[in-house]
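See structure below.
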Amino acid sequence: MNALAGKRIVLGVTGGIAAYKAIEVSRRLVDAGAHVVPIMTDAAQQFIGSTTLSALASEPVQTELWDNATTPIPHTKFGQTADLIVVAPATAKLLAAYRMGYSHDLLTNTLIATRAPVIVCPAMHTEMWEHPSVVDNIDTLRARGVHVVEPESGRLAGGDSGAGRLASPASILAAAERVLGPNDLAGATVVVSAGGTREPIDAVRVVANRSSGKQGYAVAEEAAARGATVTLISTVALPTPHGVTVVPVETAAEMQAAIEERSASSDVIVMAAAVADFRPSSAASGKIKKQDGVPEIVLEPTPDILAGLGANKPAGQVLVGFAAETNDLVANARSKLIRKNLDLIVANDVGADRVGFAHDTNAVTLLRPDAKPVEIDLAAKRDVARAVINTIVEIRASTQTGKD
Ligand code: CTP
């Protein structure tokens with residue numbers, strides 16, 4: 001189950017142009033299984049209609065501090081029953097009022113009347129975001145434990161561009177997961193590799209494979225949501241998961257260098273990348289022309305990055321490999337697990353329907369050296385990632401307590 005399922009989340013929407021994105025945030029929270037209680041300020045209603053948000057949240061939008069006979073003091077009820085409050089977008093005015101405890105409407109009252117964690121997602125023009133008063137308010141709120149999802153740089157209202165654009169709904173969701181999640185990888189340094197390597201034949205052609213990188217990105221995203229510091233060594237350009245540092249690479253050699261540089265200081269390494277086993281032994285510097293005839297491409301083996309990591313594994317590090325198999329899944333994967341000195345291997349049958357490369361779903365078997373295989377039925381790659389991270393957390397707990 002994901003960290004948001006069954007949680008009661010107050011979604012506060014204030015009056016900025018980014019208010020329309022709150023609808024997507026609400027939809028995604030509901031999709032994740034949360035119960036979304038929407039509150040809009042008067043100004044927010046200048047930007048979006050409350051009907052749209054009511055339709056997509058879990059209950060009708062609340063706007064009034066003095067409501068009706070059924071809920072005489074709504075702000076205390078919403079504040080006390082919330083598991084989390086997310087304000088997206090949060091205007092400069094909201095940040096100032098929240099900082100000062102100036103509770104003039106339902107949203108600010110709810111913020112003051114809660115003990116639940118609060119995430120604010122500011123959005124405003126760059127000049128406002130950089131103004132000392134806003135900087136000061138953000139610093140104070142942070143110091144009080146309020147979580148801030150910083151705005152991104154990009155196009156702003158009125159044709160301007162710069163820092164101040166509301167963070168993406170995916171980043172806001174990730175922050176919510178991080179706040180409500182078990183945080184069981186807090187303090188851990190995790191390196192994940194993702195995507196297929198591309199080995200040059202000449203200046204334009206490569207030897208590549210079908211890996212989309214989606215499963216590796218999902219593992220990185222889940223690890224970050226569980227509190228880890230995550231570096232993703234990637235050959236693909238998928239959206240960067242919230243809180244993850246991406247290091248772009250292309251070839252097996254570049255991937256090896258990027259991982260080995262970090263391996264000694266990593267608590268967990270997950271090799272989800274599809275590393276080419278062979279590469280052209282030399283790449284032509286220009287483009288090979290077809291009038292020169294069919295080229296003969298001589299291949300040589302690439303270094304096995306994972307086997308190298310396994311041979312030099314520091315004590316306490318959890319090393320995870322992937323195995324894409326088309327037959328004898330468990331036997332083949334188990335032999336790689338042992339041969340490469342891994343703690344866990346995630347095996348998938350790439351021949352099966354909706355499994356593996358390019359799909360958004362996956363079905364895998366998790367194998368550990370001295371445990372029975374665990375099958376994870378067809379599920380979203382993020383759910384598979386959760387199962388992988390759960391197992392990594394278990395392995396870390398068993399090595400830390402000295403038992404298996
Ligand atoms: N891997 C690696 N470096 C390589 C090749 C693979 O680090 N040069 C890693 C992959 O990231 C993955 C695991 O090893 O985690 C997959 O192993 P695989 O390529 O299937 O192993 P092989 O032993 O080469 O298997 P096969 O016999 O199927 O080719």
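Using a 1.4 angstrom probe, figure out how much accessible area the chain has per residue, in square angstrom, rounded to the nearest whole.
Working: 18720 Å² over 404 residues.
Per residue, the chain has 46 Å² of solvent-accessible surface.
Give the longest segment of the chain that steers clear of GluC sites (Glu not before Pro) in DSSP loops with at most 13 neighbouring Cβ atoms within 10 Å, not counting the sites themselves.
Value returned for the longest uninterrupted segment is 131-295.
On the protein heavy atoms, probe 1.4 angstrom, tell me the percent of accessible surface of region 8-180 carried by carbon and sulfur. Walk me through the numbers on the way to the answer.
Values: 3990 of 7610 Å².
With neighbouring chains kept in place, the figure for region 8-180 is 52 percent.
Give the aspartates and glutamates whose C-alpha is closer than 20 Å to that of K287, dropping any in the same chain fewer than 8 places away, or say none.
Correct list for K287: E199, D202, E250, E296.
Taking only the alpha-carbon positions of the chain and ignoring solvent, what does the Debye formula give for the base-10 log of I(q)/I(0) at q = 0.06, 0.09, 0.11, 0.14 Å⁻¹?
-0.31, -0.64, -0.87, -1.15
Express in nm, to one decimal, how much length is gained between A371 and E394 on full extension, taking 0.36 nm for each residue of separation and deducting their alpha carbon distance.
Net length gain for the segment: 7.1 nm.
Based on DSSP H runs of at least 4 residues, each adding -39500 (n - 2.57), what is the mean residue ellipticity at 222 nm of the chain after dividing by all its residues, to the nearest 500 deg cm²/dmol? Each step should come with its number before you reach the end.
Numbers: 14 runs with 139 residues, N = 404.
The per-residue figure over the chain is -10000 deg cm²/dmol.
Kindly state, to the nearest 0.05, the FRET efficiency for D328 paired with T140, given R0 = 56 Å and r defined as their beta-carbon distance.
0.40
For S153, what accessible surface area do you get with a 1.4 Å probe? Give it in Å², rounded to 10.
We get 80 Å² for S153.
How big is the Kirkwood radius of region 189-403, worked out from every pair of different alpha carbons and given in Å to one decimal?
Averaging 1/r across every pair of different Cα atoms and inverting gives 17.8 Å.
Place a point 7 Å from the Cα of D353 along the Cα-to-Cβ direction; which residues of region 305-333 have their backbone N under 13 Å from it?
No residue passes the distance filter.
Pairs K313/K340; K340/K372; K21/K93; K214/K340: which exceed 21 Å Cα-Cα?
On the way: K313/K340 10 Å; K340/K372 19 Å; K21/K93 19 Å; K214/K340 24 Å.
Going by Cα-Cα distance, K214/K340 fall outside the 21 Å limit.
Taking the alpha-carbon centroid of each part, what is the distance from region 325-356 to region 365-400 in angstrom?
Their Cα centres are 13 Å away from one another.
Which order do H35, H131, H75 take by accessible area at a 1.4 Å probe, largest first?
Largest accessible area first, the residues go H131, H35, H75.
To the nearest µm²/s, what D does Stokes-Einstein give for region 8-180 at 25 °C and 0.890 mPa s, using the Kirkwood radius over alpha carbon pairs as Rh?
156 µm²/s
Carbon and sulfur together cover what percent of the accessible area of region 346-404 at a 1.4 Å probe radius?
Exposed carbon and sulfur together represent 49 percent of the surface.
The values are calculated or read from the model by the stated rules, or taken from the named source; none is laboratory data. Predicted, not measured: the structure shown is a model, and the values here were computed from it. Counting neighbours? That spans all protein chains shown, and the Cβs are built from the backbone with ideal geometry, glycine included. Quick note on the areas: whole protein, heavy atoms, side chains included, nothing else; ligands and nucleic acids left out. Shrake-Rupley method; radii C 1.70, N 1.55, O 1.52, S 1.80 Å.
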